[in-house]
Amino acid sequence: MNDRRSRGGLRAVPEALARGRERIAGTFRHRYPMVAVTGMTGVGKSELIDHLTGHPQPGGVPESGSAVMERRVRRDRRLRGFRFWVVPGENAATRLGALDDVFHDNPVDGVLHVVANGYATGRRTAGTTGTVDADREEQLARELEDWTVTAHRIASMAVRRNHPTWLIVVVTKVDLYPDDVDEVVRSYSPGSGTPFGDRLDELRALAGGAKLSVDVLPACSHLDKGSKVSGKRRDAYLAAVEARMAQLAGHV
C-alpha cells in the first residue's frame, strides 16, 4: 500500500510541475500577447513596429524589405506589452513559412494587417536594395492579392480556437493623402462595398462574427520634410492604434 502511494505521489510531481508551467505561460501570454504583423512589401510594417515599440530608426528603415520574420517586443511600466512577429512581405518561401508559423504552428492572439492605399514603396527584385517607381493601381491589386492569402489563414486560425481573435487593418502612409484619410479608411472597412471591404466581409462570414473583431485605423510613421501631417498628428494616430490594441488585449 505504501509503495503504491509513493508511486502515485511521484507521478503527481511532474503533473503539478506541468500545471505550474502552463499557468506561468498563460500569465505571460496574457501580459504579452503575440501579434502577427502582415502586409505586402513596402507598406511600412517594420517602421510602424519600430514606432510602436518605441525604437524608431533615424531616417526610417532600410529601403530593401526584410526576407525573414522579425520579432520585436513592447513593454510598459506595468510589465505589459506585446510580442510582434513581422511577417516578410516578399512572395517567397520564407514568407509562406512565416504565415504558417503565426497562424497555424504558434497561433497569434491578434493581427495588425498593414495596407497603404496603393502607395507601397516599390522594391527591386532578387533582394537588391533601392526603390523603383510603382504604378498605384498595380500596387492596389497586389495589396488585395496579398490580403486574400492572409485572410484565408486568419479564417482558418479563428475557426479552430474557442476564444475571439482580433484584427486591426492599419491604413498607413496617410501623410501622402492627408485630405482623404476618412474616405480611404472607409474604403478598407467592412460593409464599404469596395473589393477590400468585400474580402473583409467574406472573412467575417468564414470565421464567424463572434470569433473575429475588426477595426480599421489610420497611421503613418515616417514624415518627409514639409509633410502636411505634423509630428503631433502622427503620434496621435499611433497612440490610437496602441490604445485599441491594449483594449483588445485586456490591458485596460
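Readers should treat all values here as calculations from the given coordinates under stated rules, not as data from a laboratory. These figures come from a predicted structure and were not determined experimentally. Don't worry about glycine lacking a Cβ; one is built from the backbone with ideal geometry, like all the others, and counts go over all protein chains shown.
Between H104, Y177, A134, whose Cα lies farthest towards the positive end of the dipole of segment 32-249 when Lys and Arg beta carbons carry +1 and Asp and Glu beta carbons carry -1, centred on the Cα centre?
Checking the options against the dipole of segment 32-249, the answer is H104.
What residue among L223, H163, H113 has its Cα farthest toward the positive end of the dipole of segment 106-250, where the charges are +1 on Lys, Arg and -1 on Asp, Glu, each on the Cβ?
Positive-most Cα among the choices belongs to H163.
Relative to the Cα centre, what is the charge dipole magnitude of segment 179-247, using +1 at the beta carbon of each Lys and Arg, -1 at the beta carbon of each Asp and Glu, and rounding to the nearest 20 debye? Don't jump to the answer; show the numbers that get you there.
Details: 10 positive and 11 negative charges, 51 e Å.
Approximately 240 debye in magnitude.
Sort segment 32-249 into rounded, prolate or oblate with this rule: let a ≥ b ≥ c be the square roots of the eigenvalues of the Cα gyration tensor; rounded if a/c is under 1.5, and if a/c is not under 1.5, prolate when a/b is larger than b/c, oblate otherwise. Show your work: numbers first, answer last.
Numbers: a/c = 1.25, a/b = 1.19, b/c = 1.05.
It is rounded, given that a/c, with a ≥ b ≥ c, falls under 1.5.
Based on Cβ point charges of +1 for Lys and Arg and -1 for Asp and Glu, what charge dipole magnitude is obtained for segment 103-235 about its Cα centre, in debye rounded to the nearest 20?
440
Can you give the relative contact order of segment 32-249 as a percent, counting alpha carbon pairs under 8 Å and 6+ residues apart?
Normalised by residue count, the contact order of segment 32-249 is 21 percent.
Which of the listed residues, W147, F196, V214, is farthest toward the dipole's positive end in segment 32-249, when Lys, Arg count +1 and Asp, Glu count -1 at the beta-carbon?
V214
Looking at the square roots a ≥ b ≥ c of the eigenvalues of the Cα gyration tensor of segment 157-252, which shape do they give, rounded for a/c under 1.5, prolate if a/b is larger than b/c, or oblate?
It is oblate, given that a/c is not under 1.5 and a/b is not larger than b/c.
Using mean Cβ contacts within 10 Å as the protection proxy, how do 227-233, 94-100, 40-46 order, highest first?
Numbers: 227-233: 13.3, 94-100: 17.0, 40-46: 25.3.
Taking the mean over residues of other Cβ atoms within 10 Å, the ranking is 40-46, 94-100, 227-233.
Output the relative contact order of segment 147-252, whole-number percent, from Cα pairs under 8 angstrom with separation of 6+ residues.
On the way: 113 pairs, mean separation 34.1, N = 106.
Relative contact order here is 32 percent.
Going by average Cβ neighbours within 10 Å, how do the peptides 214-223, 168-177 rank, with the highest at the top?
168-177, 214-223
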